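A short write-up of the structure that comes next.
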Amino acid sequence: MNDMNNKMISAAEAEYVQVPETEPARQYYFIEKAKKHVEALKNELGRTPTCCVTTFGCQMNARDSEKLTGILRQTGYEIIENEEADFVIYNTCTVRDNANQRVYGRLGFINSMKRKNPHKRVALCGCMMQEPSVIEKIKKSYRFVDLIFGTHNIYKFAELLCTMFENEHMVIDIWKDTDKIVEDLPVERKYSFKSGINIMFGCNNFCSYCIVPYVRGRERSRKPEEIIKEIKNLVADGVVEVMLLGQNVNSYGKNLEEPISFAQLLTQIEKIEGLERIRFMTSHPKDLSDELIEVMKHSKKICRHLHLPLQSGSTRILQAMNRRYTKEQYLALAKKIRQEIPDISLTTDIIVGFPGETLEDVEETIDVIRQVEYDNAFTFIYSKRTGTPAAAMENQVPEEVVKEGFDKVLKTVQDMAKSRVSRLTGKVELALVEEINEQDSSFVTGRLSNNTIVHFPADASLIGKIVPVYLEECRGFYYVGRMTDM
Ligand code: 5AD
Ligand code: SF4
């Protein structure tokens, strides 16, 4: 599962060569150097040192964690999923405040573990680290942390690891922004048969509630040929499903030297032999083109699922959110998508409690939920993020009003999804088998093209295979079924 190429230099060479200045050669040099540090630690401990990468937040972070794990594996660490490990890395999220609070909670717990294991090292990275106030707090209250880095310099993790090994005190390296994209570093995938692929980084939209543009920087697209090359390598390594990742995939390629649209990129990816399924996330409604709908409609590989964040159904609130579409425009877009691709599942994100939102505005949101008939909607309580325009708005909504609106939205979403998801009952659909069922090991868990989960009796030999499943019974958001013929 290692997407390692052969740019490695041997450990002996690393002693003598100058530190390369260009990437990724520089990082391969530091991987070799870090290997020696890990080897020395192994001799000291009398066993292979262990490490654990804990991920908070979105799929973007999950993919970043696979990059960290790829480097850690190369340097000789044993990867485990237990925070008792000798080296613990928290890849953080800051999109809502509760994500930050969870990290502080974990750090308190790690501190006591570190007292018992003096070899233990702790690193923090990800979006939360791009906030200066967070760094100040860690420097003051969590002095035991060994390494802190951000989202823009994650590619130099091997180099930072060496700096950490060579320093007693806290190492901090945070960049404000970058236009750099470093290709061809090792990655270790969590799943052998599916993978996330970054197609772009950052966001230029500045929705007024959102901290992402501040912590992930400006939009930069990877070159299509790099993306295609990566996917071809993944397919050769057993991957059948890819998830193309970007904060706003619909604006992919606009700023490349040779501009290309997201729909054109999809058309190229579709041609890759051996690739079975293509997913992508996230689409901004304002940039979703007719060209994309057309490509999806005729595609055999693009999954029948579109995540189309609504955020609010009230045009007034949408305007304050700087979303750049109205309720009517969103509804028209959803209608067009449903007309062109009738079997598609639509899912969405909703925020309740944005400054100035009244219960009438919430009713507008509920109206959109009813009209669009989402298969699922992730509903969030508005979280004030320092530095965003919305945080400075005076009309913050009282907690009880937010709670009332939130409960109403949640109830609507749940009722809607129940009837919507069940529409395939009695049908046969293809499912990609992802894992053994957590509750019952005689079952496996698979995913339909439209992203719905199905549990059915089968064994581990089917993991990674796409098989026909009879959808016997819908239980809310998922199905129970059995394997059958197509
Ligand atoms: N408060 C609550 N939810 C937020 N999101 C982004 N920023 C905030 C915030 N400040 C939600 C949006 C976005 C999803 C990833 O997180 O709904 O689509
Ligand atoms: Fe945040 Fe808006 Fe960018 Fe999504 S599109 S990451 S909500 S600013």
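The values are calculated or read from the model by the stated rules, or taken from the named source; none is laboratory data. Just so we're clear, the structure is a prediction, and the values are computed from it rather than from any experiment. In this analysis, Cβ positions are derived from the backbone assuming ideal geometry, glycine residues included, and neighbour counts consider all displayed protein chains.
The test for being at pLDDT 95 or above and assigned to a helix (DSSP H, G or I) holds for Glu291. Contact map, the stretch 79-90: first residue within 14 Å of Thr55 (Cβ to Cβ), second residue part of a strand (DSSP E or B) and of a type in the set (D, E, K, R), Cβ cut-off under 8 Å, separation 6 or more or different chains; pairs are Ile79/Glu188; Val88/Arg121. If only residues of the stretch 178-212 that are within 15 Å of the chain's Cα centre (by Cα) and surrounded by fewer than 18 Cβ atoms within 10 Å (Cβ to Cβ) are counted, the one that is nearest to Cys58 (Cα to Cα) is Lys190. Just so you know, in the stretch 154-177 the residues that are free of Cβ contacts under 8 Å to residues at least 60 places away in the same chain and among the β-branched types (Val, Ile, Thr) include one that is surrounded by the most Cβ atoms within 10 Å (Cβ to Cβ), and it is Val171. The residues listed here are Asp415, Asp349; of these, the one that is within 16 Å of ligand 1 (Cβ to nearest atom) and either more than 20 Å from Tyr479 (Cβ to Cβ) or surrounded by fewer than 19 Cβ atoms within 10 Å (Cβ to Cβ) (or both) is Asp349. All of Glu340, Glu364, Glu273 fail the test of being away from ligand 1 (no atom under 14 Å from the Cβ) and free of Cβ contacts under 8 Å to residues at least 40 places away in the same chain, apart from Glu273.
If the requirement is being out of contact with any Leu (no Cβ under 8 Å at 6 or more places or on another chain) and either more than 27 Å from Ile278 (Cα to Cα) or assigned to a strand (DSSP E or B) (or both), which of these qualifies: Cys203, Cys207? Among Cys203, Cys207, only Cys207 is out of contact with any Leu (no Cβ under 8 Å at 6 or more places or on another chain) and either more than 27 Å from Ile278 (Cα to Cα) or assigned to a strand (DSSP E or B) (or both). Considering the conditions (1) more than 21 Å from Val242 (Cβ to Cβ); (2) under 24 Å from the mean Cα position of the chain (by Cα); (3) in a strand (DSSP E or B), Pro468 is excluded by exactly one of them, (2). For the stretch 159-171, check the following and say yes or no: at least one residue is within 16 Å of ligand 1 (Cβ to nearest atom) and touching a helix residue (DSSP H, G or I) at 6+ places or on another chain (Cβ under 6 Å). Among the residues of the stretch 159-171, not one is within 16 Å of ligand 1 (Cβ to nearest atom) and touching a helix residue (DSSP H, G or I) at 6+ places or on another chain (Cβ under 6 Å), which makes the answer no.
Exactly one residue out of Lys384, Lys403, Lys408, Lys465 is of a type in the set (D, E, K, R) and over 30 Å from Asn322 (Cα atoms): that is Lys465.
The set of residues in the stretch 444-461 being surrounded by fewer than 18 Cβ atoms within 10 Å (Cβ to Cβ) and under 27 Å from the mean Cα position of the chain (by Cα) consists of Asn451, Ile453, Ala460.
Filtering the stretch 352-361 to residues that are in a helix (DSSP H, G or I) and either in contact with a strand residue (DSSP E or B) (Cβ under 6 Å, 6 or more places away or on another chain) or more than 16 Å from ligand 1 (Cβ to nearest atom) (or both) leaves Leu359, Glu360.
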